[in-house]
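A short write-up of the structure that comes next.
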Amino acid sequence: MLAQLINITIEAVKLKRQIMDREIRWAIAKSIHTQQFAAFENKLFHVLTPFFQKQLNSIIKNLTDMSPKSKKDIEEFVSLLFNPYEWDEQLIDIVLPILAGAMSDAALAQYLSVGIDPKKITKATSASEWLARNSGDLDEFEELMEESGISTQFATELPLSMKLEITRQLKNTFSQPYWHGINETTSGDAAKFLKEGLAKGWSTRRIASEISRMSPGYSIERATRVARTEIGNALNGARKGALDSIAAELGPQIPVKAIWLSVLGPRTRETHAMLHGVPADAEGMWNLSGISIPWPSHYSLPAKDRANCACTISQEFGMDDAQALQEIGNYQDSVDVFQNQ
């Protein structure tokens, strides 16, 4: 239980507040996020690039082996050329372990940032040993893990409650329609290539050759875009889960509020920059562009607010409800001015 370390944590928090300026704490939190983001984005990129290339290779082969009888049956031909549903399971299989790893690292970093070392609680040396010691409490966890397809080898040092939270978040993420949409995009792009080629009078072999020529760049571009979008959601979701757990354990002794942190760079969206330093509301949510979300890069956001978002969150100790409401009110006033410009 995290409560076993609550007194140590309270003293650590008090000490950090005495010796560390708020902006320095926030800078450290952003630095940790940036490092984890880069590491797991790279891992995801290196599995997605060959995945998209494999899809294109399948399309190229089918184009070479067959051709539409007439322009009227192009739509039917495209469905034979590439079936997006056949790729859905494979996409999740390669992405899920990396997202689970990212979330584990983010949650662990959040605990350590306030002086909690979960290893002192679980004291596990391997997943199998940890599961054996806690088998009586793991029915729900094991069921969720089995349903989600997540290996039990991830983050054995995390508390059970955090494992359950990560598993729930992963299930929610992969239940979103846009995951199938990733493969539907490949299908749509294939149809576009085919129609444009046939309109130019090209044979299907010529179209296959053109797709082959442009495929490396296409695969890299799509892998980059998907990796950057999904890693932010995974890291921040786990960070928020750990932060909420910490706040619950500390209770009213030390109020804790989740704080939005923006990069504040030249390419930061103005709406994101305006949220910098703003605490979550009483329900643990922020309002971004009229959408209520529990963390930056959340899957409920449209692409314009998700893609390439580098925002993260941290905690602010000692901020009471009145101060939080004041900060949120100031932010809303700024949004009103921005929208009326």
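Summary of values
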| read-out | value |
| --- | --- |
| Distant-in-sequence amide H partners of Q315 (H built 1.01 Å from N, under 5 Å) | I259 |
| Of K61/K195; K30/K240; K43/K240; K54/K200, those spanning more than 20 Å from alpha-carbon to alpha-carbon | K43/K240; K54/K200 |
| Space enclosed by the convex hull of the alpha-carbon atoms of region 171-228, per residue, Å³ | 80 Å³ |
| Residues S113, S334, sorted so that the one with the fewest Cβ neighbours within 10 Å comes first | S334, S113 |
| E249, E196 arranged by Cβ crowding within 10 Å, fewest neighbours leading | E196, E249 |
| Region 255-341, dipole about Cα centre (Lys/Arg Cβ +1, Asp/Glu Cβ -1), debye to the nearest 20 | 500 debye |
| Residue order, fewest to most surrounding Cβ atoms within 10 angstrom, among L80, L48 | L80, L48 |
| Shape of region 255-341, Cα gyration tensor, a/c cut at 1.5 | prolate |
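All of the numbers you see were taken from the coordinates with simple rules; none came from a lab. Here the structure is a predicted model, which is why all the values come from computation and not from measurement. Reconstructed Cβ throughout: ideal geometry from the backbone, glycine too, with neighbour counts over all protein chains shown.
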